[in-house]
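*Asks:* Here it is, the structure in full.
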Amino acid sequence: MSLDIARMDVSDMEAVSALWRETEGIGDVPSAGAFSAFLARNGGFCRVAKEDGVVVGALLASFDGMRGYFYRLAVSRAFRRRGIAAGMVAEATRALREAGADRINLHVFDSNGSAKAFWERQGYRTYEGLSMLTRR
Ligand SMILES: CC(C)(COP(=O)(O)OP(=O)(O)OC[C@H]1O[C@@H](n2cnc3c(N)ncnc32)[C@H](O)[C@@H]1OP(=O)(O)O)[C@@H](O)C(=O)NCCC(=O)NCCS
């Protein structure tokens, strides 16, 4: 059994989408077109974890020229609590820092206690007094 963390490639999209579909707390899976456009811009920051070539973890990340952002972190249930998510976050963080990101932001639902515990363990803290605004 060998675990490998690597840059996410377009060839990983199908397996990553399947992982997201079976993972709680991820929400809608992007269309293939939106996903490949995201990777074309940000593939250097996104990471995939594979156990013997099978996708067991995924993390999207982006850089806007100032800040880095993380999205859709997921690890297959059978592979949790082995440091896989922490490993992907560490690798993506290194790439974002090298690109010049001075801060990395992410959103977590208040109801997702385990994700909050994970991110707090990685050194992230809730930015008090800030609301996320959005529209369609
Ligand atoms: C959150 C998630 C990605 C963590 O993946 P993981 O590979 O199991 O995480 P790691 O093994 O790297 O955990 C590192 C540390 O984070 C903390 N942590 C991780 N999962 C935790 C949980 N369920 N409860 C409390 N703390 C947790 C622990 O401190 C852990 O270290 P430890 O195992 O030595 O105690 C995974 O549970 C998951 O896919 N959840 C569903 C999707 C989701 O909610 N994604 C986040 C969206 S913001």
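Bear in mind that the values in this text are calculations on the coordinates, not laboratory data. Because the structure is predicted, anything quoted here is derived from the model rather than measured. Virtual Cβ from ideal backbone geometry, glycine too; neighbours counted across all protein chains shown.
*Asks:* I'd like to verify a number: residues in segment 63-72 that are surrounded by fewer than 18 Cβ atoms within 10 Å (Cβ to Cβ) and either within 12 Å of the chain's Cα centre (by Cα) or assigned to a loop (DSSP other than H, G, I, E, B) (or both), how many?
*Replies:* 4
*Asks:* Follow-up. Return a yes/no flag: does segment 28-51 have any residue that is touching a residue at least 40 places away in the same chain (Cβ under 8 Å) and farther than 17 Å from M8 by Cβ.
*Replies:* Going through segment 28-51, the residues touching a residue at least 40 places away in the same chain (Cβ under 8 Å) turn out to be 44-51.
Then keep just the ones that are farther than 17 Å from M8 by Cβ; that gives none.
Checked segment 28-51: no residue is touching a residue at least 40 places away in the same chain (Cβ under 8 Å) and farther than 17 Å from M8 by Cβ.
Results for (1) in a helix (DSSP H, G or I); (2) more than 11 Å from the ligand (Cβ to nearest atom), shown as yes or no for each residue.
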| site | (1), (2) |
| --- | --- |
| A74 | no, no |
| A90 | yes, no |
| E98 | yes, yes |
| W119 | yes, no |
| S131 | no, yes |
| T134 | no, yes |
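*Asks:* Out of V56, V48, which single residue is surrounded by 20 or more Cβ atoms within 10 Å (Cβ to Cβ) and more than 12 Å from the chain's Cα centre (by Cα)? If you could, list the steps in order and put the result at the bottom.
*Replies:* Values: V48 fails: more than 12 Å from the chain's Cα centre (by Cα).
Exactly one of V56, V48 is surrounded by 20 or more Cβ atoms within 10 Å (Cβ to Cβ) and more than 12 Å from the chain's Cα centre (by Cα), namely V56.
*Asks:* Please state which one of A86, A18 is near the ligand (Cβ under 8 Å from one of its atoms), assigned to a helix (DSSP H, G or I) and either closer than 21 Å to V108 by Cβ or free of Cβ contacts under 8 Å to residues at least 40 places away in the same chain (or both). Show your work before the answer.
*Replies:* Values: A18 fails: near the ligand (Cβ under 8 Å from one of its atoms).
A86 is the lone residue from the list that is near the ligand (Cβ under 8 Å from one of its atoms), assigned to a helix (DSSP H, G or I) and either closer than 21 Å to V108 by Cβ or free of Cβ contacts under 8 Å to residues at least 40 places away in the same chain (or both).
*Asks:* Check A101, A78 and return the single one that is buried (at least 17 other Cβ atoms within 10 Å of the Cβ), more than 15 Å from the chain's Cα centre (by Cα) and not β-branched (V, I, T).
*Replies:* Details: A78 fails: buried (at least 17 other Cβ atoms within 10 Å of the Cβ).
None of the other options fit; the residue is A101.
*Asks:* Tell me, please, whether a residue that is of a type outside the set (V, I, T), assigned to a helix (DSSP H, G or I) and within 14 Å of the ligand (Cβ to nearest atom) can be found in segment 35-49. Can you show your working first?
*Replies:* Of all residues in segment 35-49, those of a type outside the set (V, I, T) come to 35-47, 49.
Of the ones still in play, those that are also assigned to a helix (DSSP H, G or I) are 35-42.
Checking which are within 14 Å of the ligand (Cβ to nearest atom) leaves us with none.
Scanning segment 35-49, I find no residue that is of a type outside the set (V, I, T), assigned to a helix (DSSP H, G or I) and within 14 Å of the ligand (Cβ to nearest atom), so the answer is no.
*Asks:* Something else: Those residues that are of a type in the set (S, T, N, Q) and more than 7 Å from the ligand (Cβ to nearest atom), I need them from segment 100-117; list them, please. Before the answer, list the steps.
*Replies:* Filtering segment 100-117 for residues of a type in the set (S, T, N, Q) gives 105, 111-112, 114.
N105, S111, listed by residue number.
*Asks:* So, in segment 1-14, how many residues would count as being buried (at least 16 other Cβ atoms within 10 Å of the Cβ) and either among the basic types (K, R) or farther than 16 Å from N42 by Cα (or both)?
*Replies:* Taking segment 1-14 first, the residues buried (at least 16 other Cβ atoms within 10 Å of the Cβ) are 5, 8, 12-13.
Among the residues that remain, those that are also either among the basic types (K, R) or farther than 16 Å from N42 by Cα (or both) are: 5.
Result for segment 1-14: 1.
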